[in-house]
Amino acid sequence: MSEIAGKIERILRARFEPLHFELRDDSARHAGHRGATSGGGHYHVLLVSAVFEGRSLLDRHRMVNEALAEMFGAEIHALGLSTLASNVMELARGGTRLADDHPSPFSVTDVLESVGDIVRPMAEEKGLAVRLLPPVPDHRLGPAQALSRVLLNLTTNAIKFTEEGVVEIVAKARDGSVVEFSVRDTGRGINPDTVETLFLPFRPGPEGARMAFSGTGLGLALCRKLVRAMGSELAYETSPDWGTRFYFELDLPPAGT
């Protein structure tokens, strides 16, 4: 572990007393990307803490960024985050219930915008556009926390493995109260050799090879568990000359009806 990575770990362990902590140094992978001239490294942190319980996804990420504020620039150029409250981690370990399993009113636009705010710096560094397309009506009843987690993981993966073009986060109203959510990129598509292991947790890529998707945060395995816990299935379509789209449908009645 590098000196900077060790410093990140010490600060976050002292501040959040995590139940689970992982840190990955991606500096070598991003060395050639535009904007990587400050000298700071690229890191990804998975942090599970009881401190996060009851806080929104955006609030949790702000807390981590504030804890590491003095390191940004000279020591940290980009930081990817996966933050979970301890009760969400139970689902990752094999549980079947959501932390927010009682439907509550929320704005789909707010969820999409919070995810966009988190990932946009990473996208801008690579010259990628991030597009958000919310549904009508916007205010719905459902599990906003789990939905945010799925969309953030899918969007982070899409940006990490797309070199040019756009990443879209779309929520499209279907029949009745159904909303289809999707994250689409203009990347290289999913390598056919990885399809059978695509949803394995923390799936490592082969040395020296770029994969279309990898184990980012709790990755596609947790995304699929969360989507199933919300009563749906995570599906995808992919093509080398088109990119990849992950999508799922949720029954989210309009709030107030």
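Every number in this text was worked out from the coordinates using simple rules, so none of it is lab data. For clarity, every value in this text was computed on a predicted model and none was experimentally measured. Using ideal geometry, Cβ is built from the backbone for each residue, glycine included, and neighbour counts are taken over all protein chains shown.
Here are some notes:
- Residue separation of Val195 and Ser2 scaled by 0.36 nm, minus their Cα-Cα distance, works out to 66.2 nm of gained length.
- Under-5 Å amide H pairs with Asp26, H placed in peptide plane, nonlocal only: His42, Tyr43, His44
- Over the range 1-84: Rg over Rh, Cα atoms, Kirkwood Rh: 0.97
- Distant-in-sequence amide H partners of Leu68 (H built 1.01 Å from N, under 5 Å): none
- Potential lengthening between Ala50 and Ala14 on full extension [0.36 nm per residue; Cα-Cα distance subtracted]: 11.6 nm
- Each residue of the range 158-174 was assigned a 3J(HN,Hα) from its phi angle through the Karplus expression (A = 6.51, B = -1.76, C = 1.60, θ = phi - 60°), giving 4, 5, 4, 10, 10, 8, 7, x, 9, 10, 10, 10, 10, 10, 10, 5, 10 Hz with x at Gly and Pro.
- Once both labels are positioned 7 Å from their Cα atoms along Cα-to-Cβ, the gap between Val166 and Val136 label points is 1.9 nm.
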